[in-house]
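The values are calculated or read from the model by the stated rules, or taken from the named source; none is laboratory data. Everything quoted here is computed from the prediction, not taken from an experiment. FYI the Cβ positions are ideal-geometry reconstructions off the backbone, even for glycines, and counts take in every protein chain you see.
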Amino acid sequence: MAETSFENICIFHILDGLRDGLSHYSQPSRAALIYAEHPDSPPRICDPQDLLRGHEPKLQDLFLYSNKWRDGDVFNDEVRVLDGNGTELDLSGIISLSARSKSMCYQAWFTDQHPDMCSLGPTKRWLEVAAGLLSQNFTARNVMNLDTAGFVLQHCANHAVRDHIVDERIRQGWLDTRIRVYPFLDAVLGVSGTQEEGAWPRGRLVVVEPSQLDQVRFICRFPEMEQPMLADSKHVRKLLQAVEESGRVLVSDGKTVLGIAIGSMPGAYLAAQFSGTHGFLWIKSDPVCCFFEGRFHSSNLRANLVQLEEQMLETDMEMGLQHTLLQIVSLMVNRVRDRKHGCTLVIDVCKDRLAMSGQHFMEPLDLQDSGQLKLACSLAKLDGALHIGRDLKLHGFACLMDGRCVPGENRARGARFNSALRFTAEHEDIVVVVVSADRPVSIIKNGQELTAQCHFDQIRGLSRPPLLAEWIMS
């Protein structure tokens, strides 16, 4: 009974800490676990938020109809992450990682794969930490350590990003490196939160392997005794002013800022692109994550228009026109978000175009023309909505959306959002895209928000996880 009780408490703390940490790094996320403690133990599943529901056939094939997942030895007390070997956990919309150790014969961790992620790497490293903590706690059997395990997983973003960077650079052949990643990450967050004369940082900071510095095209270099320390956020922030809105970059060896350079950088260099209130981390040309408000996040900060694409598929428009319309809307939405002002786009795909009150043109603007598309983006600054037809033309701006009160209105969302709810409730073939000044994008149809974020029930307490076979049969 005591062993079972420890098992329940241990899995609860680690699973809940993992879920909470990933929900802050990404969008609200769920977590699940399939495990077998001993080589002859039947697999059990812990999925309190139904992340794996719908994947029963695949799980049945992998864990009940096959024993490949049991194969493999572990030496010493290591936690070995499994890669391949016929046990790939390729589940649609889910990130997974499996591992084995002496204290836990097999464990597979799962979480949501969000469509706007820069990279899956940091999240996989997060799951790897969870696997290590589960194995360690099953070895120690000390209930006093469990709160700490949950806390570690809640605040694991910097560690997960660092592990992904290290692993990726090793994969590219940089096993022997002098770059320390943690100080670089601390410097990035420090600079991103430092204003200079009221302005947020803009520009690019690059860290190059010291052995590769002779391949960098320096415009100027600083004397060795005058090189600013990378940890001096205020000084680095001031220097960034010299590379704003240009092809120039600040170059560092991971300890100090060496100078200013142009052109391509050698090796598996690290880069931080500061773009005002937010920015992005890169390994060469591969995005790692973004950062804002003093934390790292998985998002690419691009608008997710999946629901709009689904609505387009239900229309009688040609596929080519649908694709072009989505590209136009995506470009307009992202440009408006970057400029930090809101707008409303009325997507009218009806053959009999709706007559909207607002400012019209003698000839509608052709949004396939880059010049007229830029003008349309500027017109989005005006109060009122842009009226876009199925002919890929802008037929009006500063348009008014009226309607009667509907259920689901949210006073916290402002006039754009609630007007769109009322308007689409009375025009069933209209889709409205609302872009808020603080970046959220809402897609609304038939008086309902299609992009409403899921709020999963909190994990409260767990009984012993059921056998996987019983879970599938239920």
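Restricting to region 130-159, give me the number of residues that are touching a helix residue (DSSP H, G or I) at 6+ places or on another chain (Cβ under 8 Å), in a helix (DSSP H, G or I) and not polar (S, T, N, Q).
Adding up the residues that qualify gives 14.
On the basis of being among the hydroxyl-bearing types (Ser, Thr, Tyr), within 30 Å of Asn300 (Cβ to Cβ) and modelled with pLDDT of 85 or more, does Thr451 make the cut?
So Thr451 fails the test.
Take the residues in region 307-324 that are surrounded by 14 or more Cβ atoms within 10 Å (Cβ to Cβ) and of a type outside the set (Ser, Thr, Tyr); name whichever of them is nearest to Cys343 (Cα to Cα).
Per the stated criteria, the residue is Leu308.
Of all the residues that make up region 18-71, how many are loosely packed, with under 14 Cβ neighbours inside 10 Å and of a type in the set (Gly, Ala, Ser)?
Of the residues in region 18-71, 2 are loosely packed, with under 14 Cβ neighbours inside 10 Å and of a type in the set (Gly, Ala, Ser).
Hey, does region 326-343 have a residue that's outside any helix (DSSP H, G or I), at pLDDT below 90 and among the basic types (Lys, Arg)?
yes
Restricting the first residue to region 463-474 and requiring it to be over 13 Å from Ser41 (Cβ atoms), which pairs with a second residue that is surrounded by 11 or more Cβ atoms within 10 Å (Cβ to Cβ) and among the acidic types (Asp, Glu) meet a Cβ separation below 9 Å and a spacing of at least six or different chains?
These pairs meet every condition: Trp471/Asp47; Trp471/Glu56; Ile472/Glu56.
So how many residues does region 7-42 have that are within 25 Å of Leu467 (Cβ to Cβ) and part of a helix (DSSP H, G or I)?
Selection size over region 7-42: 13.
Restricting to region 374-390, count the residues that are surrounded by 15 or more Cβ atoms within 10 Å (Cβ to Cβ), touching a strand residue (DSSP E or B) at 6+ places or on another chain (Cβ under 8 Å) and touching a residue at least 24 places away in the same chain (Cβ under 8 Å).
Of the residues in that region, 9 qualify.
List pairs: first residue in region 319-335 and assigned by TED's automatic domain parsing to the domain that holds Ala376 and under 20 Å from Ser442 (Cα atoms), second residue acidic (Asp, Glu) and part of a helix (DSSP H, G or I) anywhere in the structure, Cβ distance under 6 angstrom, at least six positions apart or on different chains.
Here the result reads Leu326/Glu309, each pair linking region 319-335 to a residue that is acidic (Asp, Glu) and part of a helix (DSSP H, G or I).
Is it true that some residue in region 104-114 is of a type outside the set (A, V, I, L, M) and in a helix (DSSP H, G or I)? Step through it out loud before you land on a result.
To start, the set of residues in region 104-114 that are of a type outside the set (A, V, I, L, M) comprises 105-107, 109-114.
From what's left, in a helix (DSSP H, G or I): none.
No, there is no match, as no residue in region 104-114 is of a type outside the set (A, V, I, L, M) and in a helix (DSSP H, G or I).
Would you call Gly267 closer than 25 Å to Ala160 by Cβ and surrounded by 15 or more Cβ atoms within 10 Å (Cβ to Cβ)?
Working: closer than 25 Å to Ala160 by Cβ: yes; surrounded by 15 or more Cβ atoms within 10 Å (Cβ to Cβ): yes.
It is true that Gly267 is closer than 25 Å to Ala160 by Cβ and surrounded by 15 or more Cβ atoms within 10 Å (Cβ to Cβ).
Tell me the residue from Arg404, Arg411 that is over 19 Å from Leu308 (Cα atoms) and without any contact (Cβ under 8 Å) to a residue 12 or more places away in the chain, please.
Matching residue, one of Arg404, Arg411: Arg411.
Based on this model, can you work out whether Pro201 counts as in the same structural domain as Leu258 (by TED's automatic domain parsing), over 16 Å from Met265 (Cα atoms) and surrounded by 14 or more Cβ atoms within 10 Å (Cβ to Cβ)? Quick ask: steps written out before the conclusion?
Working: in the same structural domain as Leu258 (by TED's automatic domain parsing): yes; over 16 Å from Met265 (Cα atoms): yes; surrounded by 14 or more Cβ atoms within 10 Å (Cβ to Cβ): yes.
Judged against the criteria, Pro201 is a match.
Failed condition for Glu293, given (1) at negative phi; (2) surrounded by fewer than 19 Cβ atoms within 10 Å (Cβ to Cβ), with all others met?
Unmet condition: (1).
Please find, among Thr111, Thr139, Thr148, Thr123, the residue that is farther than 18 Å from Asn300 by Cα and in contact with a Leu (Cβ under 7 Å, 6 or more places away or on another chain).
Thr111
Tally time: how many residues in region 161-190 are more than 12 Å from Leu281 (Cβ to Cβ) and in a helix (DSSP H, G or I)?
Number satisfying all stated conditions: 10.
Based on what the data block shows, is Ala385 in contact with a Ser or Thr (Cβ under 7 Å, 6 or more places away or on another chain), within 19 Å of Leu325 (Cβ to Cβ) and of a type in the set (A, V, I, L, M)?
For Ala385, the condition - in contact with a Ser or Thr (Cβ under 7 Å, 6 or more places away or on another chain), within 19 Å of Leu325 (Cβ to Cβ) and of a type in the set (A, V, I, L, M) - is met.
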